[in-house]
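Heads up, the thing below is written out as structure tokens.
The values are calculated or read from the model by the stated rules, or taken from the named source; none is laboratory data. Source: prediction; values computed, not measured. Note that each Cβ is placed from the backbone with ideal geometry, even for glycine, and that neighbours are counted across all protein chains shown. The accessibility values were calculated without ligands, DNA or RNA, using every heavy atom of the protein model including side chains. Shrake-Rupley method; radii C 1.70, N 1.55, O 1.52, S 1.80 Å.
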Amino acid sequence: MDKALPLPTYLVQRYQGWKATGYADNKAWYRRLADEGQHPRAMLISCCDSRVHVTAIFGADQGEFFLHRNIANLVPPYAPDGDYHGTSAAIEYAVTALKVAHVIVLGHSTCGGVKGFHDMCRGDAPELAEETSFVGRWMDILRPGYERLGGDDAKINLSELEKEAVVVSMDNLMTFPFVREAVESERLSLHGLWTDIGEGGLEYYDASSKSFKPVG
């Protein structure tokens, strides 16, 4: 790699500020984290979207969440085919090595990945329909949720499709044998959430009613 450049100045300045204050004021805590390793109680799967500030939503500190981000917070079905599977690897590590007690899937409003998938299905984003599109092929994971909402024959509300991304991911989590076994033995619980970025709202998936309801 001969194209790497130094950090932008603003990031260097922010790092220096953190090292002089945030780190200096909590040095013992950071050293404890380094020495004792991580012991998170929950894994949180969220979107790459820069507006989704997961740790801020829950007031979490370092070491509390095992975080994994991807496009549209999707979990693919279990597929032990020897290929590259970043999300599946993260889930395996969280459940079998870290032994988290909770896996949380967090969707959000105005998700670009979900909108792109919707546009692709309607023929408005042909570039995503190309086999060479990593985003398009990844978003195909959402197709069962799209069909549940009526597919091409229905006028689909994007917030409903965003919530389907959460439900599809939770369904796919249960296709992993080690997840299913942990859930059935009550060592692990799965949770689906959706947050409204503009309003600060948070909803949870209620399996009994198959709907999302406000938290609190």
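Determine which member of the set 164, 127, 160 is part of a helix (DSSP H, G or I), touching a Phe, Trp or Tyr at 6+ places or on another chain (Cβ under 8 Å) and at pLDDT 95 or above. Write out each step before concluding.
Values: 127 fails: touching a Phe, Trp or Tyr at 6+ places or on another chain (Cβ under 8 Å); 160 fails: touching a Phe, Trp or Tyr at 6+ places or on another chain (Cβ under 8 Å).
Exactly one residue qualifies, and that residue is 164.
Can you pull out the residues in the range 187-201 that are surrounded by fewer than 17 Cβ atoms within 10 Å (Cβ to Cβ) and either aliphatic (A, V, I, L, M) or touching a strand residue (DSSP E or B) at 6+ places or on another chain (Cβ under 6 Å) (or both)?
If the condition is that a residue be surrounded by fewer than 17 Cβ atoms within 10 Å (Cβ to Cβ) and either aliphatic (A, V, I, L, M) or touching a strand residue (DSSP E or B) at 6+ places or on another chain (Cβ under 6 Å) (or both), then 189, 191, 197 are the ones that fit.
Which residues, taken from the range 26-49, are within 21 Å of residue 114 (Cβ to Cβ) and of a type in the set (A, V, I, L, M, F, W, C)? I'd like the intermediate steps shown before the answer.
Here is the first cut: in the range 26-49, the residues within 21 Å of residue 114 (Cβ to Cβ) are 44-49.
Once the filter is applied, which keeps residues that are within 21 Å of residue 114 (Cβ to Cβ) and of a type in the set (A, V, I, L, M, F, W, C), the range 26-49 yields 44, 45, 47, 48.
Please work out which residue is nearest to residue 137 (Cα to Cα), limiting yourself to the range 57-90 and to residues that are open to solvent by 60 Å² or more (accessible area, probe 1.4 Å) and not in a loop (DSSP other than H, G, I, E, B).
The qualifying residue nearest to residue 137 (Cα to Cα) is 71.
Cβ-Cβ below 7 Å, separation at least six or inter-chain, first residue in the range 54-67 and without any contact (Cβ under 8 Å) to a residue 12 or more places away in the chain and on the phi < 0 side of the Ramachandran plot, second aromatic (Phe, Trp, Tyr) and assigned to a loop (DSSP other than H, G, I, E, B): which pairs?
Close Cβ pairs satisfying both conditions: none exist.
Would you point out which residue out of 17, 63 is at pLDDT below 95 and more than 18 Å from residue 190 (Cβ to Cβ)? Steps first, please.
Values: 17 fails: at pLDDT below 95.
That would be 63, the only listed residue that is at pLDDT below 95 and more than 18 Å from residue 190 (Cβ to Cβ).
Scan the range 1-55 for residues that are of a type in the set (Ser, Thr, Tyr) and open to solvent by 80 Å² or more (accessible area, probe 1.4 Å) and jot them down.
Of everything in the range 1-55, those that are of a type in the set (Ser, Thr, Tyr) and open to solvent by 80 Å² or more (accessible area, probe 1.4 Å) turn out to be 9, 10, 15, 50.
Output the number of residues of the range 92-129 satisfying the condition of being of a type in the set (A, V, I, L, M, F, W, C), touching a helix residue (DSSP H, G or I) at 6+ places or on another chain (Cβ under 7 Å), in contact (Cβ under 8 Å) with a residue 12 or more places away in the chain and open to solvent by less than 10 Å² (accessible area, probe 1.4 Å).
The first filter runs over the range 92-129 and keeps only residues of a type in the set (A, V, I, L, M, F, W, C), leaving 94-95, 97-98, 100-101, 103-106, 111, 114, 117, 120-121, 125, 128-129.
Now restrict to residues that are touching a helix residue (DSSP H, G or I) at 6+ places or on another chain (Cβ under 7 Å): 95, 100, 103, 105-106, 111, 114, 117, 120-121, 125, 128-129.
After this cut, where a residue has to be in contact (Cβ under 8 Å) with a residue 12 or more places away in the chain as well, the list is 95, 100, 103, 105-106, 111, 114, 117, 120-121, 128.
Filter once more, so that each one left must be open to solvent by less than 10 Å² (accessible area, probe 1.4 Å): 100, 103, 105-106, 111, 114, 117.
Looking only at that region, the number is 7.
When you go through (1) assigned to a strand (DSSP E or B); (2) surrounded by 18 or more Cβ atoms within 10 Å (Cβ to Cβ) one by one for residue 182, which number turns out not to apply?
In the conditions (1) assigned to a strand (DSSP E or B); (2) surrounded by 18 or more Cβ atoms within 10 Å (Cβ to Cβ), residue 182 misses (1) alone.
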